[in-house]
Amino acid sequence: LLRSDNGGRDFAVLESPYRGSWFGLLATRGDRLLVYGLRGAAYVSADRGSSWTQASTELPVSISGAAELSDGTLVLGSSAGDLLVSRDQGRSFQRRDGPPQPPIAGLVPTQDGALALAGLRGPQRVDLAAPPAAR
């Protein structure tokens, strides 16, 4: 993990809170950082990476994507197709009920508050406000 305080001219190494691999980082509108990766690892920082707090995901599989919705809800997507939702600024995540999606490679919020997922079966749209579809 690296941080630049001068627009990218120089970078300082940050101490990583986890010894496994990271797959991504999300900077939230609430000035928090969320890093995620191997074996369900997710950590949140409120001080630009100087300290980290582990987020509860309860997942044994890799987290491969993250997004922030317009209402501040944070969503993680896993390599097993799980969607995890946090409404407490990333301190804890709950698995969305319903059947898992195909493995998720990335996700982005849409203008209408849904999610666009990218994965092995191509793009998909998921509306978190709607009840999950049955298998």
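The values are calculated or read from the model by the stated rules, or taken from the named source; none is laboratory data. These numbers come from a predicted model, not from an experiment. Don't worry about glycine lacking a Cβ; one is built from the backbone with ideal geometry, like all the others, and counts go over all protein chains shown. Calculation scope for accessible area: heavy atoms of the full protein, side chains included, ligands and nucleic acids excluded. Shrake-Rupley method; radii C 1.70, N 1.55, O 1.52, S 1.80 Å.
Rounded to the nearest 20 debye, the dipole size of the chain about its Cα centre is 280 debye, using +1 on the Cβ of Lys and Arg and -1 on the Cβ of Asp and Glu.
Here the contact order of region 46-135, divided by its residue count and restricted to Cα pairs under 8 Å and six or more residues apart, works out to 21 percent. Sorting the segments 22-35, 39-52, 112-125, 5-18 by their mean number of nearby beta carbons within 10 angstrom, highest to lowest, gives 39-52, 22-35, 112-125, 5-18. Each of Tyr36, Ser21, Gly49 was placed along the dipole of the chain (beta-carbon charges, centred on the mean Cα), and the one lying farthest toward the positive end is Ser21. Tell me, how many Å apart are the Cα centres for region 114-128 and for region 1-42? Between the Cα centre of region 114-128 and that of region 1-42, the gap is 25 Å. For region 15-26, 3J(HN,Hα) computed residue by residue from phi via the Karplus equation (6.51, -1.76, 1.60; θ = phi - 60°) reads 6, 7, x, 9, 8, x, 7, 9, 10, x, 9, 10 Hz, glycine and proline entered as x. For the chain, the per residue solvent-accessible surface stands at 57 Å², with DNA, RNA and ligands left out and a 1.4 Å probe.
Residues whose amide H comes within less than 5 Å of that of Gly81, counting only those at least five positions distant or on another chain, are Ile104 (H built at 1.01 Å from N in the peptide plane).
FRET efficiency for the pair Arg91 and Ser70, taken as 1/(1 + (r/R0)^6) with r the Cβ-Cβ distance and R0 = 22 Å, rounds to 0.65. On region 1-86, 47 percent of the accessible area sits on carbon and sulfur atoms, based on a 1.4 Å probe.
Between Leu2 and Val61, the modelled label-to-label distance comes to 3.2 nm, taking each label 7 Å out from Cα in the direction of the beta carbon. For region 88-95, 3J(HN,Hα) computed residue by residue from phi via the Karplus equation (6.51, -1.76, 1.60; θ = phi - 60°) reads 10, 6, x, 5, 9, 10, 10, 5 Hz, glycine and proline entered as x.
What is the projected area of the convex hull of the Cα atoms of the chain, averaged over all directions, in nm²?
On the way: hull surface 34.3 nm².
Average of the hull's projected areas for the chain equals 8.6 nm².
Once the piece of chain linking Gln124 and Ala105 is laid out straight, how much longer is it, given 0.36 nm per residue of separation minus the C-alpha distance between them? Please list the in-between numbers first.
Values: separation 19, 0.36 × 19 = 6.84 nm, distance 1.14 nm.
Full extension of this stretch gives 5.7 nm more.
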